[in-house]
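S.K.: Have a look at the structure that comes next, please.
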Amino acid sequence: MKKFTSLMIVGAVLSITAPAFAENRAVNISIGSIGGALDNAALQTIRQVIGFAVGTSTVDKFIVYSPRAGSPIAIEGGLSACAEAGFGISNTRFNAFIQQLRSINPKSGTFYNVELTASCKLK
């Protein structure tokens, strides 16, 4: 009976903590032009925020999807990338990084998306 009770307690604890492993620990970032000139100041700010996050180990994996060597580059420029939380980085620190990205407001004519995802994938 003790083994069964112990098994039930362990199962309950695991079922409570399991959703913590399924959380979003990465973010897809895309910025580009809707047809006019790209807001280069916003693009540079995004690059600086990401660079600082990589430098402080807040972001462990950073994958650039576009522009990419050998692929066509849009005339207006832009960026499509994914940044994944660093090993051992708290949710608070990674969420602060996401908030920094979301606080960037490009000028009219430039689209900008920040979307949570479970992890970065090579395309």
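S.K.: What residue, among those in the range 113-123 that are within 26 Å of N40 (Cα to Cα) and charged (D, E, K, R), is surrounded by the most Cβ atoms within 10 Å (Cβ to Cβ)?
M.R.: E115
S.K.: Pairs under 6 Å by beta carbon, first residue in contact (Cβ under 8 Å) with a residue 40 or more places away in the chain and farther than 16 Å from N24 by Cα in the range 92-104, partner buried (at least 17 other Cβ atoms within 10 Å of the Cβ) and not hydrophobic (A, V, I, L, M, F, W, C), six or more apart or different chains?
M.R.: I104/T45
S.K.: Then there is this: Out of the residues in the range 75-112 that are outside any helix (DSSP H, G or I) and loosely packed, with under 12 Cβ neighbours inside 10 Å, which is modelled with the lowest pLDDT? Before you say what the answer is, go through the steps one by one.
M.R.: At the first step, the residues of the range 75-112 found to be outside any helix (DSSP H, G or I) are 75-90, 103-112.
From what's left, loosely packed, with under 12 Cβ neighbours inside 10 Å: 75, 87-88, 90, 103, 105, 108.
Working: I75: 59, F87: 88, G88: 90, S90: 93, S103: 97, N105: 96, S108: 91.
That would be I75.
S.K.: Sticking with this one: Please go through the range 113-122 and give me each residue that is touching a residue at least 60 places away in the same chain (Cβ under 8 Å) and either farther than 17 Å from I34 by Cα or not in a strand (DSSP E or B) (or both), ordered by number.
M.R.: From the range 113-122, those touching a residue at least 60 places away in the same chain (Cβ under 8 Å) are 113-120; that's our starting set.
If the condition is that a residue be touching a residue at least 60 places away in the same chain (Cβ under 8 Å) and either farther than 17 Å from I34 by Cα or not in a strand (DSSP E or B) (or both), then E115, L116, T117, A118, S119, C120 are the ones that fit.
S.K.: Take Y65 and decide whether it is modelled with pLDDT of 95 or more, within 23 Å of L122 (Cα to Cα) and not in a helix (DSSP H, G or I). Explain how you work it out, then say what you get.
M.R.: On the way: modelled with pLDDT of 95 or more: no; within 23 Å of L122 (Cα to Cα): yes; not in a helix (DSSP H, G or I): yes.
Against the criterion (modelled with pLDDT of 95 or more, within 23 Å of L122 (Cα to Cα) and not in a helix (DSSP H, G or I)), Y65 does not qualify.
The values are calculated or read from the model by the stated rules, or taken from the named source; none is laboratory data. Note that this is a predicted model, so its numbers are computed, not measured. Counting neighbours? That spans all protein chains shown, and the Cβs are built from the backbone with ideal geometry, glycine included.
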